[in-house]
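Below is one structure, written out as structure tokens; the observations come after it.
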Amino acid sequence: MTGRAWKLGDNISTDEITPGRYMSLRSNLSELAKHTLEDARKEFSSSVRTGDFVVAGNNFGMGSSREHAPLVFKMCGVAAVLAQSFARIFYRNAINIGLPAIICDTTKIDEGDKLELHLSENVLENLTKGTTIRFPAMSKTMETILTEGGLIAYVEKYGDLAFS
């Protein structure tokens, strides 16, 4: 996965990702996606390109448990979300819909840096700076959920007994 970095700060809430005033669009996800990060980065939904990365600090996805928050990123073409830490519910929602949520050191990534993610190797390369960031491996189950494209596809392939 190769793309540009969209740099955000700490404590980005699900309300900043999918503003509450647009929740009436939750059954029209393509319209909802047009408002992704509208208050934090007005240009995001019109300028993000397939393969780009959302890069943030600590506590990304805090707030309400809007399962639409990671989904709109995926619909916008975001390859992965990289953060120092995630709110637990956002993290699991992202994995469950097949959007990689990578916990790593994002302090040396700047806006617009070209990044390449090697998920199976637990390596993120900053091609702009010529640096490498290693990150902890996910559990095999979580890695397989991502590989299969999300939890629904995983359960369809392996059945729900795979969790017992």
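We did not get these values from a lab; they are worked out from the coordinates using the rules stated. Keep in mind it's a predicted model, so treat the numbers as computed, not measured. Neighbour counts are summed over all protein chains in view; Cβ atoms, including those assigned to glycine, are modelled from backbone coordinates with ideal geometry.
Each label point is 7 Å from the Cα along the Cα-to-Cβ direction; what then is the distance between the points at Ser27 and Glu111, in nm?
Computed distance between label sites Ser27 and Glu111 equals 3.8 nm.
Report relative contact order for the chain in percent, whole number only (criteria: Cα-Cα under 8 Å, sequence separation at least 6). Before the final figure, lay out the partial values.
Working: 334 pairs, mean separation 36.6, N = 164.
Relative contact order comes out at 22 percent.
Hey, of (1) 29, 21, 14; (2) 30, 15, 13; (3) 22, 22, 14, which did the structure itself give for semi-axes √(5λ) of the Cα gyration tensor in Å when calculated?
Looking at semi-axes √(5λ) of the Cα gyration tensor in Å for this model, the match is (3).
Quick one: order His118, His35, His68 by neighbouring beta-carbon count within 10 Å, fewest to most. Provide the component values of the computation, followed by the final result.
Working: His118 11, His35 17, His68 21.
Fewest to most other Cβ atoms nearby, the residues stand as His118, His35, His68.
Any of Lys108/Lys140; Lys42/Lys114; Lys7/Lys157 with alpha carbons more than 30 Å apart? Name them for me.
Details: Lys108/Lys140 28 Å; Lys42/Lys114 21 Å; Lys7/Lys157 35 Å.
Beyond 30 Å: Lys7/Lys157.
Nearest 500 deg cm²/dmol is fine: what mean residue ellipticity at 222 nm does the chain get from its DSSP H runs of n ≥ 4 alone, each adding -39,500 (n - 2.57), divided by its residue count? Intermediate values should be presented prior to the final figure.
On the way: 7 runs with 47 residues, N = 164.
About -7000 deg cm²/dmol.
Springs between alpha-carbon atoms under 10 Å, Gaussian network over the chain: tell me which of Gly150, Gly51, Gly20 tops the mean-square fluctuations.
Gly20
Order by neighbour count: Thr14, Thr50, Thr36, Thr144, fewest other Cβ atoms within 10 Å first, most last.
On the way: Thr14 23, Thr50 9, Thr36 26, Thr144 14.
Neighbour counts put them in this order, fewest first: Thr50, Thr144, Thr14, Thr36.
Enumerate the calculated ³J(HN,Hα) couplings along region 91-100 in order (Karplus 6.51 cos²θ - 1.76 cosθ + 1.60, θ = phi - 60°), each rounded to whole Hz, writing x wherever the residue is Gly or Pro.
Running phi through 6.51 cos²θ - 1.76 cosθ + 1.60 with θ = phi - 60° gives 4, 5, 4, 4, 4, 5, 9, x, 9, x Hz.
Counting other beta carbons within 10 Å of each residue's own, what order do Val123, Val54 fall into, fewest first? Provide the component values of the computation, followed by the final result.
Values: Val123 14, Val54 28.
In order of increasing Cβ crowding within 10 Å: Val123, Val54.
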